[in-house]
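First up is the structure itself, then whatever we jot down about it.
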Amino acid sequence: MGNNGTAKLQGVPKIVSLHVFRSAPATALNDVLEFLKPSFPEITGEQLTSRHPEQYASFRIDVYEDNVQKAMDPGLWPSNTRVRHFLYTRQKTEKG
């Protein structure tokens, strides 16, 4: 049968979201993406609303599952910045 039938059938890497927090308040999403792009070309993300925006900035970043351990390495990040798995919360629905 050969490879002709399987050439179009390919898998895609799983994306994992990480929570980056305790960055300086002036840090922008683009700063984080530019910092990580050389090591993680697939990087995407969004800036989050911090509980204390005057104290620190928070972000959700998405990387390939194979890169999670590398992305969570404290040696990669500036001092005092924290990274953990992103926790998705369910929205409460009103019963009525």
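The values are calculated or read from the model by the stated rules, or taken from the named source; none is laboratory data. Remember, it's a predicted structure, so these values are computed and weren't measured experimentally. All Cβ positions, glycine included, derive from the backbone under ideal geometry; neighbour counts span all protein chains shown. To get the accessible areas, we keep the full protein, side chains included, count just its heavy atoms, and leave off ligands, DNA and RNA. Shrake-Rupley method; radii C 1.70, N 1.55, O 1.52, S 1.80 Å.
Okay, residues lined up against (1) of a type in the set (S, T, N, Q); (2) more than 26 Å from residue 13 (Cβ to Cβ):
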residue: 26; (1), (2): no, yes
residue: 33; (1), (2): no, no
residue: 46; (1), (2): no, no
residue: 50; (1), (2): yes, yes
residue: 53; (1), (2): no, yes
residue: 61; (1), (2): no, no
residue: 81; (1), (2): yes, no
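Take region 63-79 and flag every residue that is open to solvent by 90 Å² or more (accessible area, probe 1.4 Å) and more than 22 Å from residue 13 (Cα to Cα). So that I can check it myself, show each step before the final result.
Filtering region 63-79 for residues open to solvent by 90 Å² or more (accessible area, probe 1.4 Å) gives 65-66, 69-70, 74, 79.
Within region 63-79, 74, 79 qualify.
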Taking residue 45 as meeting all but one of (1) within 14 Å of residue 18 (Cα to Cα); (2) open to solvent by 100 Å² or more (accessible area, probe 1.4 Å), write down the number of the exception.
(2)
If residue 54 satisfies all but one of (1) in contact with a strand residue (DSSP E or B) (Cβ under 7 Å, 6 or more places away or on another chain); (2) among the charged types (D, E, K, R); (3) open to solvent by 90 Å² or more (accessible area, probe 1.4 Å), what's the number of the condition it fails?
(1)
Every residue from region 22-39 that is within 16 Å of residue 74 (Cα to Cα) and without any contact (Cβ under 8 Å) to a residue 24 or more places away in the chain
35
